[in-house]
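Asks: Below: one structure in structure tokens.
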Amino acid sequence: MTILVTGATGNIGRKVVDHLLARGATDVRALTTNPARAALPAQVQVAKGYLRRVETLPAAFEGVTAAYLAPTPETVEDVLRIAREAGVGYVVDLSGEHESWWGGVAKAVEASGLDWTHLSPGDFMENTVSWAPQIIADGAVHEPWPEGRSTPIAMDDIARVAAAALTTPGHGGHSYPLTGPEVLTRTDLLDRIAAALGTPLRFETVSRDRAVEVLGRTMGDQAQWYVDTILKGAMEWEARPNTLVEEITGTPATTFATWASTHTASFRP
Ligand SMILES: NC(=O)c1ccc[n+]([C@@H]2O[C@H](COP(=O)([O-])OP(=O)(O)OC[C@H]3O[C@@H](n4cnc5c(N)ncnc54)[C@H](OP(=O)(O)O)[C@@H]3O)[C@@H](O)[C@H]2O)c1
């Protein structure tokens with residue numbers, strides 16, 4: 001029973017490989033464009049290819065029974081057709097609600113004829129790393145809405161859920177809206193980063209335009225969309241944490257305080 005991990009050097013895919021091995025999976029194959037650079041564990045078979053270059057996939061899917069599907073909405077229908085033709089029976093995909101950009105992956109998977117599990121996370125803890133340039137430059141974060149709320153989840157927990165779904169029965173046909181364990185405001189997040197760093201950090205409430213200007217220095221054109229959609233949306237959204245990570249993996253979801261304490265290097269020069 002070969003499990004293929006696509007996007008296997010990606011932020012989540014690479015962790016899926018590790019969690020599959022930790023759960024005792026013995027037949028794991030990893031898809032990467034550059035096997036030499038990928039530095040994958042020795043016991044993993046490495047397949048050369050990429051989900052957006054579908055001509056590379058028939059060989060990668062040969063003999064595969066189940067796969068972790070990294071999100072590539074542009075090519076997902078071809079990817080699934082090739083997987084089905086190769087005899088793959090089950091996919092665990094990283095996707096999102098039907099109406100979202102990532103929802104295209106979920107809809108294609110449901111139409112593919114394969115058995116499936118959707119992983120549909122909200123805010124990632126790792127998104128706070130976008131604050132690093134501001135924190136390093138002057139110990140402050142400049143945003144308009146300190147009370148914006150989310151239930152951020154660690155990418156490692158998403159990967160843990162993926163590995164559990166790929167190695168234990170009963171997950172087919174389920175869509176899991178994964179969250180972290182707690183509701184946190186923007187200032188809660190910054191306070192926990194400050195505690196982890198052992199340094200005071202300031203949240204400076206600024207106008208929407210000023211936030212776009214500050215974030216634009218590192219995000220470029222994406223800053224406007226990020227402020228108007230993600231940050232403003234967090235003010236309107238009713239954030240509710242769930243316990244799916246613990247129910248599926250048997251281990252509680254990582255708290256943001258713990259995540260911050262293991263990622264201090266991301267916020268230092
Ligand atoms: N609900 C949500 O919020 C949601 C849902 C789904 C997805 N997402 C987004 O999806 C992302 C998933 O990230 P991920 O890092 O786990 O996986 P990923 O970005 O889908 O996969 C990245 C991997 O694809 C490979 N790749 C090959 N050619 C590439 C190219 N030209 N450009 C980019 N990548 C290339 C790279 O590996 P090799 O070089 O080894 O081939 C890379 O490690 C998240 O960061 C998030 O933004 C969000």
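The values are calculated or read from the model by the stated rules, or taken from the named source; none is laboratory data. Remember, predicted model here, so these are calculated numbers, not experimental data. Methodologically, a virtual Cβ is constructed for each residue, glycine included, from the backbone with ideal geometry; neighbour enumeration extends over all protein chains shown. When the accessible area is computed, the model is the full protein with side chains, heavy atoms only, and any ligands, DNA or RNA have been set aside. Shrake-Rupley method; radii C 1.70, N 1.55, O 1.52, S 1.80 Å.
Asks: Can you give me the C-alpha center-to-center distance between the range 214-269 and the range 28-99, rounded to a whole angstrom?
Replies: The range 214-269 and the range 28-99 have Cα centres separated by 27 Å.
Asks: Now a separate question. What Kirkwood radius, in Å to one decimal, follows from the Cα pairs of the range 2-120?
Replies: 14.0 Å
Asks: If you place +1 on the Cβ of every Lys and Arg, -1 on the Cβ of every Asp and Glu, and leave all else neutral, what size is the dipole of the chain about its Cα centre, to the nearest 20 Debye?
Replies: Taking the Cα centre of the chain as origin, the dipole is about 720 debye.
Asks: Pairing the Cα long axis of helix 155-167 with the longest principal axis of the chain, what angle in degrees results, from 0 to 90 and rounded to the nearest 10?
Replies: Tilt relative to the chain: about 20 degrees.
Asks: Considering only protein heavy atoms, what is the solvent-accessible area of residue 147 at a probe of 1.4 Å, reported in Å² to the nearest 10?
Replies: 90 Å²
Asks: So what is the relative contact order for the range 1-105, in percent, with contacts set as C-alpha pairs under 8 Å and at least six apart?
Replies: 25 percent
Asks: Name the chymotrypsin sites (Phe, Trp or Tyr not before Pro) in the range 78-145 that are in a loop by DSSP and that have at most 13 other C-beta atoms within 10 Å, would you?
Replies: 101
Asks: Measure nothing but the geometry: give the 0 to 90° angle between the long axis through the Cα atoms of 208-219 and the longest principal axis through the Cα atoms of the chain, rounded to 10°.
Replies: It works out to around 50 degrees.
Asks: Could you rank 155, 235 by how accessible they are, 1.4 Å probe, largest area first?
Replies: 235, 155
Asks: Which order do 129, 16 take by accessible area at a 1.4 Å probe, largest first?
Replies: Result, largest first: 129, 16.
Asks: I would also like to ask the following. What shape does the range 105-231 have by the C-alpha gyration tensor, where a ≥ b ≥ c are the square roots of the eigenvalues, rounded means a/c under 1.5, and otherwise prolate means a/b greater than b/c and oblate the rest?
Replies: prolate
Asks: Something else about it: Let's test this: bin the Cα-Cα distances of the chain at 5 Å from zero up to the farthest pair and state each bin's percent.
Replies: 1, 6, 12, 15, 17, 15, 13, 10, 7, 3, 1, 0
Asks: Heavy atoms only, 1.4 Å probe, whole protein assembly: order 174, 142 by accessible area, highest first.
Replies: Largest to smallest exposure gives the sequence 174, 142.
Asks: Let me ask you something else. Got a number for carbon plus sulfur as a percent of the chain's accessible area, 1.4 Å probe?
Replies: 52 percent
Asks: Let me ask something additional. Using Cα atoms only, what is the angle between the long axis of helix 13-22 and the major principal axis of the chain, expressed in degrees (0 to 90) to the nearest 10?
Replies: The angle comes out near 60 degrees.
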